[in-house]
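Presented below is the structure to which this report refers.
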Amino acid sequence: MTARSSEIDSILQRGADGGRISPEEALLLYTEAPFHALGEAADAVRRRRYPDGIVTYLIDRNINYTNVCVTACKFCAFYRAPKHAEGWSHPMEEILRRCAEAVELGATQVMLQGGHHPEYGVEYYEELFATVKAAYPQLAIHSIGPSEILHMAKVSGVSIEEAIVRIKAAGLDSIAGAGAEMLPDRPRTAIAPLKESGARWLEVMEQAHRLGVESTATMMMGTGETNAERIEHLRMIRDVQDRTGGFRAFIPWTYQPENNHLKGRTQATTLEYLRLIAVARLFFHNVAHLQASWLTTGKEAGQLSLHMGVDDLGSIMLEENVISSAGARHRSNLHELIWMIRSAGRIPAQRDTLYRHLAVHHTPADDPVDDRVVSHFSSIALPGGGARASLPLVDSR
């Protein structure tokens, strides 16, 4: 055994045992650790954390209130500039109609997300969250991200702290990891020059955590960032988590190449994604959950990730327009998602936003029977879709 191999084995063992590994060690594992050994160490972490063998899923809906945005990110195919002929904003009754559909199909969470509309300040979000919460108190509002918080505070001329306190009081339950993309300066500036810095994104998250609003953290791979920058992204998140403990989960996903300015010049491979998933499970000793993104990587990679340390397979996302606009076309239904988990040797369980188990499907006899619960890749990408498109409540093809 070479000295390098011995070093890698030592790091893998320490990580598998729950020890802390450095960013430099994480980069070494990401680039040089044998694939199977890396996956085995990451899965050891999952088994220790979740010895019951349960892998969770969520039923939720992404509801976009507007596609009008002033930020013009190069990887985004969803937004339209202010005054563009294809720009739209949903009226409140349309948002509530979509919430009603989600509730009918068993959703426990909504993600209300949209562009940085030049006129939407804190007052707009207060009304949005309060109205949804009053109509559907059973829905957790896991929504927006630091970028929207910075934007609404600027429009309304208030501090970040005041914006967070007010939207929390209005009904926001937790913050999505939206807008993280790549946090290190070089790749972030290259793909989103008008967006806040990664450090600023994390400052808002840290402030929210200290005000009692937890969140998730995400990462978009495949826009030309280096391996070292991918690991630096993880380090930046872990440093905040060391101080606040407010990130519930880490969710990496892969850049989608259609209909945007980057035009697919760079992309992350499935192997790169799976290696990153495994390294993340070893590196984030202080983050409870690791979620795979089958929406962008496909169901086969999503299932493989269950052997790389993943304990959550994300959601039957009843609607998703942003990533779908850039080419994500992977759909599923509830039965298929449960099959993906069970055939990987895990026990499926529906969870809520806080990762509490709502229904554990120990055997197929425990499985839900609603054939209408299907992921719906994009209401605006389907024939006849758009501002008022409905879910296919019966068609489960």
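All of the numbers you see were taken from the coordinates with simple rules; none came from a lab. Please read all numbers here as calculations on a predicted model, not as lab measurements. We place every Cβ from the backbone using ideal geometry, glycine too, and count neighbours over all the protein chains shown.
Here are a few things to note about the model shown:
- Computed over region 1-76, relative contact order equals 28 percent, with contacts defined as Cα pairs under 8 Å that lie 6+ residues apart.
- The average projected area of region 95-182, computed from the convex hull of its Cα atoms over all directions, is 5.8 nm².
- Gained length - LEU358 relative to GLU40, 0.36 nm times residue gap less alpha-carbon distance: 111.6 nm
- Taking each residue as 0.36 nm, the span from THR244 to ALA169 lengthens on full extension beyond its C-alpha to C-alpha distance by 24.9 nm.
- Mean Cα-pair separation over length for region 189-258, i.e. relative contact order, pairs under 8 Å, 6 or more apart, %: 43
- For region 52-366, the relative contact order is 22 percent, taking Cα pairs closer than 8 Å that sit 6 or more residues apart in sequence and dividing their mean separation by the residue count.
- Label-point separation in nm, ALA3 to GLU336, each point 7 Å along Cα→Cβ: 5.1
- Taking the square roots of 5 times each eigenvalue of the Cα gyration tensor of region 153-222, largest first, gives ellipsoid semi-axes of 23, 14, 9 Å.
- The Kirkwood hydrodynamic radius of region 52-366, based on inverse pair distances between different Cα atoms, is 19.7 Å.
- GLU94 versus ASN286: modelled label distance in nm, points set 7 Å from Cα along the beta carbon direction: 4.3
- Three-way shape label, region 1-154, alpha-carbon gyration tensor, a/c 1.5: prolate
- Region 31-137: trypsin sites (Lys or Arg not before Pro) in DSSP loop, at most 10 other beta carbons within 10 Å: LYS83
- Distance between the 7 Å Cα→Cβ label points at LYS83 and GLU161: 3.9 nm.
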